[in-house]
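Presented below is the structure to which this report refers.
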Amino acid sequence: MRNLHDLPRVRLGVFPTPFYRLDRLSEQYGRGIWIKRDDLCGVALGGSKVRKLEFVLAEALDQGCDTVFTTGGAQSNHAALTAACAARLGMKCILLLKRRGVTEHRGNLVLDELFGAEVRLLDMDSYDEIYAEMHRIGGTLEQAGHKCCYIPVGASTALGAVGYVSGAREIAVQAMAAGVRLGHIVSATGSGGTAAGLLLGAGLFLPGVKVTGIAVDSGPFDKIVPRLAGEAAALLECPFQPEENAFQMVEHMGPGYALPNPEDTPYIEELARTEGILLDPVYTGKAFAGMMQLLRQGAFDGQDDLLFVHTGGTAALFAIDLPR
């Protein structure tokens, strides 16, 4: 296996992020529940994309890029974190965002401006059309002497997924230090890269641990995630042979992508009121609610503890009201 340190990487986050047991919630549900606080990674309001961007932007710098393009919904966490990381590296950031959902000057759109990103809201539903527009704008910039990096939605590429292979190794070290035996790792899935990295990383560093993705967007993630994991394994020159039932994808999008689900509000409030932890209503809140519903249904086999990966998204609390 190729060493993770052999790949170009620029240090952006403050790692390792906290890993600890949710004592009150564990007592309430009669099962050990732990949390990985990647919302506290030290960049902007935190989130899983920073681990991906450490590898993706390092490659861009190695290629001489000075301008970064990416996309997502109007309130995209990935877009805001890309803007923050580009600012740290002295790179220009251009965000081509879908004019969908909350497009007022709230939440992540405020952060995008603070980080100095150029934001363009597009009336397009197809990411293929947005990528074409990226390259059109980038082509003009490159004629003027700039070098552009084009990051797809969520930075969900093979290289981006490697960021969460590194994250899984970090989890393995922390779990061993805490003396905890994990049975399941659960995270939100919006584009597939985080779950892919966790799936590959669990196979490498946490044998026997199962990965559950809670889909907060539509898409064939049951196919996307294993494909990305396999591509990341090829980058690392390691085998990818997940154990049977090592991965499951559960849909919990609710009324639609980036739209809050009233059924999730009690779970968001429960975590805030028992553990003082904030979840947003359209990403991590949906994932956490989906996990707790599965737990109540007895979907997590065995007696080993659960780990919820908090992948960020707090800014949405200041853009989207919790529904009742």
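The values are calculated or read from the model by the stated rules, or taken from the named source; none is laboratory data. Predicted, not measured: the structure shown is a model, and the values here were computed from it. Don't worry about glycine lacking a Cβ; one is built from the backbone with ideal geometry, like all the others, and counts go over all protein chains shown. These accessible areas exclude ligands, DNA and RNA; they are computed on the full protein's heavy atoms, side chains included. Shrake-Rupley method; radii C 1.70, N 1.55, O 1.52, S 1.80 Å.
Being outside any loop (DSSP other than H, G, I, E, B) and assigned by the TED database to the domain that holds HIS146: is that true of ALA74 here? Against the criterion (outside any loop (DSSP other than H, G, I, E, B) and assigned by the TED database to the domain that holds HIS146), ALA74 does not qualify. When the residues of the range 18-28 are narrowed to those that are open to solvent by 50 Å² or more (accessible area, probe 1.4 Å) and either in a helix (DSSP H, G or I) or of a type in the set (D, E, K, R) (or both), which ends up nearest to ALA175 (Cα to Cα)? That would be ARG21. The residue of the range 205-224 that is most open to solvent (accessible area, probe 1.4 Å), among those that are within 18 Å of VAL165 (Cβ to Cβ) and part of a loop (DSSP other than H, G, I, E, B), is PRO207.
Within the range 225-249, work out how many residues are open to solvent by 70 Å² or more (accessible area, probe 1.4 Å), over 25 Å from PHE300 (Cβ atoms) and in a loop (DSSP other than H, G, I, E, B). Residues in the range 225-249 being open to solvent by 70 Å² or more (accessible area, probe 1.4 Å), over 25 Å from PHE300 (Cβ atoms) and in a loop (DSSP other than H, G, I, E, B): 2 in total.
Would a scan of the range 84-95 turn up a residue that is touching a strand residue (DSSP E or B) at 6+ places or on another chain (Cβ under 6 Å), assigned to a loop (DSSP other than H, G, I, E, B), basic (Lys, Arg) and open to solvent by 60 Å² or more (accessible area, probe 1.4 Å)? Before the answer, list the steps.
Just the residues of the range 84-95 that are touching a strand residue (DSSP E or B) at 6+ places or on another chain (Cβ under 6 Å), to begin with: 86, 91-95.
In the following step, the residues that additionally are assigned to a loop (DSSP other than H, G, I, E, B) were identified as 91.
With basic (Lys, Arg) added as a condition, the list becomes none.
For the range 84-95, residues touching a strand residue (DSSP E or B) at 6+ places or on another chain (Cβ under 6 Å), assigned to a loop (DSSP other than H, G, I, E, B), basic (Lys, Arg) and open to solvent by 60 Å² or more (accessible area, probe 1.4 Å): absent.
Is it true that TYR267 is of a type outside the set (A, V, I, L, M, F, W, C), open to solvent by 30 Å² or more (accessible area, probe 1.4 Å), under 30 Å from PHE318 (Cβ atoms) and touching a residue at least 24 places away in the same chain (Cβ under 8 Å)? No.
Say whether the condition of being in a loop (DSSP other than H, G, I, E, B) and either open to solvent by 10 Å² or more (accessible area, probe 1.4 Å) or touching a Phe, Trp or Tyr at 6+ places or on another chain (Cβ under 9 Å) (or both) is met by at least one residue in the range 284-292. Write out each step before concluding.
Within the range 284-292, the first condition is being in a loop (DSSP other than H, G, I, E, B), and the residues that meet it are none.
Within the range 284-292, not a single residue is in a loop (DSSP other than H, G, I, E, B) and either open to solvent by 10 Å² or more (accessible area, probe 1.4 Å) or touching a Phe, Trp or Tyr at 6+ places or on another chain (Cβ under 9 Å) (or both).
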